[in-house]
Amino acid sequence: MSAADVTRAAFATGVSPSTWAKLVRTATGGAPYHGALYGPEICETLLDLLSQYTASPSLLAYLALSLGLPATAPLDLTQSYQRTTDAPLVPLYVYVRTLTHALGTFPSRLPLPLAEPLCKLALLANQAYHNPMLGPAPSAPNPMLAPAASPLPLIPPFVILLSALAAHPQPNTPTPTAVPELFLYTLSLLQVDHQISSLTPGEKHSILQAIEASYAFANVFLIAHKGLVRVQELIRMQEAGEGGIWGGLGGLGMGMGVGVGELVGAQEGGAQGQAQWAGTERDKLAPSLPLMSLLLSSMVEHRSTPFGAGSTPASLSLLQLLHPTDPTPPEQLLASYSSLLQSSISLITLHPYPPASASPASTSPSEPAPPGYGEAVLWRAFVLGRLPFLLAELGVGSGEEGRQAMEGAVKGVFDEWRRELDMCNPPGPAGAAAGAGFGSSDPVDEEARPPSFRIDLLRSLVGSDLLSEEAATRVCPSFTRQDSPLSIEAAENMSTPEEYVEDRLGGASAEDALAFLTRMEGDWRAHRLLAQWFLDRFGASAKSGEADLEQLSGACRLLYSHRLALELISLWTPVDGFVRTASEFLGQFDFDAVNDPQSALGLYGEVVLFCQFALSKFNFPEHADSSDPAPWSALLTPSRPHPLRTLTEDERSLLARWLKALFSPNEGIDDPMLRATDPAMLLRLTTTFFHQAILARSLDVIDSETLHNGVGYFLSGLLSWTLVGIVQYLAAEAERQGPYSSLHFEILQMILVSESCPKPVLAVTGASVLRVLTNARLANAMQAGGVNVQAMRDVVNKALGTTEDPFTDVNCNYRHTLPSWSDNCQSAVREAFTQAQMNKVTTLEVDRWLDVLRPREFIEILWDSCVAGASMGAMDGCRIVTAFSLSGLRSPTSPPLLPYFLLVFVPGLLLDLDWIPRPQMTANMDTLVSIIVSACHLSFQLERAFLKTADGAPLSIELRSRLQPRVWLNALAERLEASSATSSHLLSKRLHVVLND
């Protein structure tokens with residue numbers, strides 16, 4: 001057995017530390033023991049076990065004994081301990097290296113709370129042995145004659161560890177001291193004369209980048225930060241002696257550094273950042289129609305995420321791609337603004353209004369909009385309302401050159417895109433020609449026709465100060481300024497727009513408020529005020545009183561009842577902020593202090609329904625910003641009943657009281673019972689109520705009438721907000737039990753076809769229900785039991801706004817589409833490549849394919865399509881789409897693709913390239929280099945944009961995990977250097993030449 005096997009077996013059987021040490025020495029051949037040979041394996045095994053059993057004292061004893069310390073020694077730095085052996089199982093330098101790389105990675109292989117005791121062990125061992133903490137140079141051929149190892153390579157992992165400790169302090173725990181002390185001790189061993197000069201350029205850049213990142217923990221670990229600043233000064237002094245600051249640095253590592261000078265800034269060698277990408281102009285992604293359409297599509301598609309249109313800082317950062325250089329030449333400004341306008345118009349043409357026959361004017365505001373109507377309104381609201389506001393915040397069109405470029409771009413679009421602009425016109429009144437617009441001689445009364453898209457676009461640009469009124473008149477002589485419909489209505493009622501919005505939404509009836517929101521759907525200038533009203537209403541709910549609950553529930557009811565309100569608001573403010581505020585309000589609400597518990601419970605339910613509706617619609621993760629559950633996780637009603645043995649005493653008591661009140665004759669729900677009920681606990685246990693009631697009915701403990709009477713309580717305003725988990729439970733049980741689930745079918749039908757079933761319940765659970773209803777075997781069983789399957793399907797389809805079931809065809813047979821997902825994805829990718837190559841509007845829903853394909857499968861499809869496209873001379877289109885797919889920011893739940901591509905896919909691809917003919921390998925290598933450079937350059941542009949927007953504030957962990965092109969390229973460089981494959985050396989040379997040309 002190996003030392004690792006002995007260690008694992010000893011820990012599993014509870015062997016004492018001293019016995020374990022004897023077994024390890026026996027397994028490794030007895031005396032003499034070679035710590036440098038076996039120490040890494042033992043240390044890795046112990047740390048791996050500790051990551052799984054973090055609270056195990058025996059593992060810490062194993063570690064202490066392996067370092068030559070007493071196994072029972074307390075971890076106290078004020079003590080000093082005698083060594084137990086002259087040849088410890090794990091030499092100190094092995095332990096320090098292994099521990100540093102285990103803790104200094106992202107994510108860390110070990111829990112952060114373990115960093116302090118494990119670093120204390122290293123300091124104690126150093127006191128006991130007085131051995132070189134860093135040992136010999138790791139790659140030395142003869143360790144006995146090798147010089148001492150340098151502490152410089154340990155700087156990046158130590159910086160990561162200290163940054164994590166500073167960002168995530170442990171509650172009720174003092175600031176760590178052993179970690180910075182160990183770090184400073186290693187820095188004190190630096191031998192400046194030959195260790196700095198022996199660094200490769202890539203190592204220097206990695207270390208300097210880490211030192212720059214240390215400013216994030218400067219306030220917490222000031223001494224450690226000062227030590228790093230001193231190292232930075234020493235490196236620059238040494239470089240200045242070799243030919244000036246940032247001068248004379250070459251080599252592969254430098255080539256893989258990708259723009260460190262840009263990150264450090266002009267005061268620390270900005271000339272390097274300007275020269276870093278020289279010679280790679282062909283692989284840079286300049287603003288173009290395909291790139292801008294991909295960017296805008298991503299912003300709207302992920303509008304509710306931290307990287308979408310709803311987040312102003314993220315949107316401003318993404319739109320900085322319009323200015324790839326600073327300053328941007330006038331001709332580049334004109335091309336950028338033209339591409340932005342063309343992509344905006346093209347995306348609107350992809351989302352036209354439905355035919356006049358499908359107009360939503362006659363439908364209720366709470367009914368789903370006709371297919372296509374919501375997307376048409378949303379895109380016009382974004383292009384005319386949200387996008388100009390963001391561009392104005394970014395400073396687009398400022399200055400004489402900017403104004404001239406914007407006017408030239410608008411004039412060019414109006415002259416050359418007449419057909420596309422006509423296609424963007426809103427639908428006119430009955431009898432109007434479909435293409436009536438600019439220059440049309442249509443006889444329909446002009447006052448009855450909505451303004452043409454041209455006029456709306458100019459009013460939007462002028463209103464945001466992106467275009468002067470004189471320039472708009474020069475572009476379109478018929479242009480006139482006009483107040484928005486909201487301002488006109490407000491003036492007719494002698495109030496300001498803000499006061500009128502408050503009156504219509506806060507003081508009117510629910511029906512009038514919904515009608516007002518419907519009138520404001522097409523008024524893109526009103527959406528910002530509407531979003532601000534909802535933001536203020538949610539923000540005013542911090543007191544957690546009964547009056548605040550009533551106001552908050554009213555706002556929530558409007559958002560989930562109206563067909564488009566939440567969609568339009570999501571363009572202006574992150575929806576997860578609404579859900580977070582509402583969740584925290586519910587968690588703090590004091591239900592015992594209310595005057596009318598029945599009304600309060602119903603209002604409480606309105607807020608819960610909104611949260612569940614928003615969580616389902618925008619697919620928010622259960623864990624936000626950290627590993628801790630998000631505030632809304634308690635509102636995700638479980639679709640499984642709780643086993644009785646797992647319930648607490650309070651939960652069992654509540655379950656007994658409510659089962660008796662709901663499903664017993666001559667019982668009911670009274671105010672004292674409601675006051676004694678925790679609504680959150682009630683929400684968690686509703687599926688258990690139904691499970692127990694159905695079980696009681698199947699055993700004839702209760703009759704059908706009692707069961708139906710109990711279900712009726714959940715169709716009232718008092719408890720209908722708990723139905724999401726109940727419907728999901730009933731659908732899951734019906735699918736699991738099949739023909740034997742007649743009771744579940746019966747209750748499911750009773751809930752779904754009831755007029756009292758809230759619309760959000762149907763919207764959230766519709767997909768689960770349709771999956772059951774479209775199963776031919778289950779549908780036949782339900783119909784045999786008297787269940788009206790078609791009526792249930794009609795109700796759900798109406799709630800979802802669909803005209804047919806997504807799971808079946810017209811003959812109610814299953815669509816066996818899963819085997820063809822990869823084929824469908826390949827078709828979508830190649831279509832996007834073709835559109836981009838033809839300089840047309842380009843879209844690709846990457847997240848949609850990553851929901852059904854693994855990242856490797858998706859990347860393989862991208863690569864195969866790129867190879868095929870390059871062979872046909874369509875590399876430009878392939879480059880644009882692939883770079884944005886790999887580097888673009890999407891949903892936080894979507895895996896980042898660029899690090900996977902560089903560190904997993906590329907090394908495997910290189911092994912395959914060695915086995916193909918040389919000409920084909922060269923062509924594929926050209927394609928690979930172009931993709932790597934384009935994707936990393938785009939990622940670096942995004943990183944620089946977010947750093948500029950942050951203005952010195954540290955980026956979030958989510959952003960840092962997706963915007964680290966330098967780190968990934970340096971890691972790829974190390975793998976290429978270590979590989980002996982021909983293709984690896986070829987890629988290494990090509991990247992070096994391209995990135996340093």
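See the values below:
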quantity: Ser317, sole failed condition from (1) of a type outside the set (Val, Ile, Thr); (2) open to solvent by 10 Å² or more (accessible area, probe 1.4 Å); (3) in a helix (DSSP H, G or I); (4) out of contact with any His (no Cβ under 9 Å at 6 or more places or on another chain); calculated: (2)
quantity: Filter pass, Ser197 being assigned to a helix (DSSP H, G or I) and among the polar types (S, T, N, Q); calculated: no
quantity: Cβ-Cβ under 6 Å pairs, at least 6 apart or on other chains, the stretch 694-714 side in contact (Cβ under 8 Å) with a residue 24 or more places away in the chain and farther than 23 Å from Ser756 by Cβ, far side open to solvent by less than 30 Å² (accessible area, probe 1.4 Å) and hydrophobic (A, V, I, L, M, F, W, C); calculated: Ala696/Ile702
quantity: Qualifying positions in the stretch 946-980 - free of Cβ contacts under 8 Å to residues at least 24 places away in the same chain, within 20 Å of Val904 (Cβ to Cβ) and outside any helix (DSSP H, G or I); calculated: Ser980
quantity: Residue list for the stretch 892-945, restricted to those being over 19 Å from the mean Cα position of the chain (by Cα) and part of a loop (DSSP other than H, G, I, E, B); calculated: Asp914, Trp915, Ile916, Pro917
quantity: Candidates Ser440, Ser452, Ser478, Ser464, filtered to the one that is modelled with pLDDT of 90 or more and among the small types (Gly, Ala, Ser); calculated: Ser464
quantity: Which numbered condition Ala361 fails, given (1) touching a Gly at 6+ places or on another chain (Cβ under 9 Å); (2) of a type in the set (A, V, I, L, M, F, W, C); (3) part of a helix (DSSP H, G or I); (4) at pLDDT below 75; calculated: (1)
quantity: Residue identified as under 38 Å from the mean Cα position of the chain (by Cα), open to solvent by 20 Å² or more (accessible area, probe 1.4 Å) and more than 25 Å from Gly374 (Cβ to Cβ) among Asp512, Asp503; calculated: Asp503
quantity: In the stretch 454-482, residue surrounded by the most Cβ atoms within 10 Å (Cβ to Cβ) [restricted to those that are assigned to a helix (DSSP H, G or I) and touching a Pro at 6+ places or on another chain (Cβ under 7 Å)]; calculated: Leu461
quantity: Scan of the stretch 736-755 for residues that are farther than 18 Å from Arg640 by Cβ, polar (S, T, N, Q) and open to solvent by less than 60 Å² (accessible area, probe 1.4 Å), ordered by number; calculated: Gln749, Ser754
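Results for (1) among the charged types (D, E, K, R); (2) surrounded by 19 or more Cβ atoms within 10 Å (Cβ to Cβ); (3) within 19 Å of Gly202 (Cα to Cα); (4) modelled with pLDDT of 85 or more, shown as yes or no for each residue.
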| site | (1), (2), (3), (4) |
| --- | --- |
| Val933 | no, yes, yes, yes |
| His937 | no, yes, yes, yes |
| Phe940 | no, yes, yes, yes |
| Ala945 | no, yes, no, yes |
| Gly952 | no, no, no, no |
| Ile957 | no, no, no, no |
| Arg960 | yes, no, no, no |
| Arg966 | yes, yes, yes, no |
| Leu976 | no, yes, yes, yes |
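The values are calculated or read from the model by the stated rules, or taken from the named source; none is laboratory data. Please read all numbers here as calculations on a predicted model, not as lab measurements. No Cβ is skipped: glycine too gets one built from the backbone with ideal geometry, and neighbour counts run over all protein chains shown. Please note that ligands, DNA and RNA were not included when accessible areas were found on the heavy atoms of the full protein model with its side chains. Shrake-Rupley method; radii C 1.70, N 1.55, O 1.52, S 1.80 Å.
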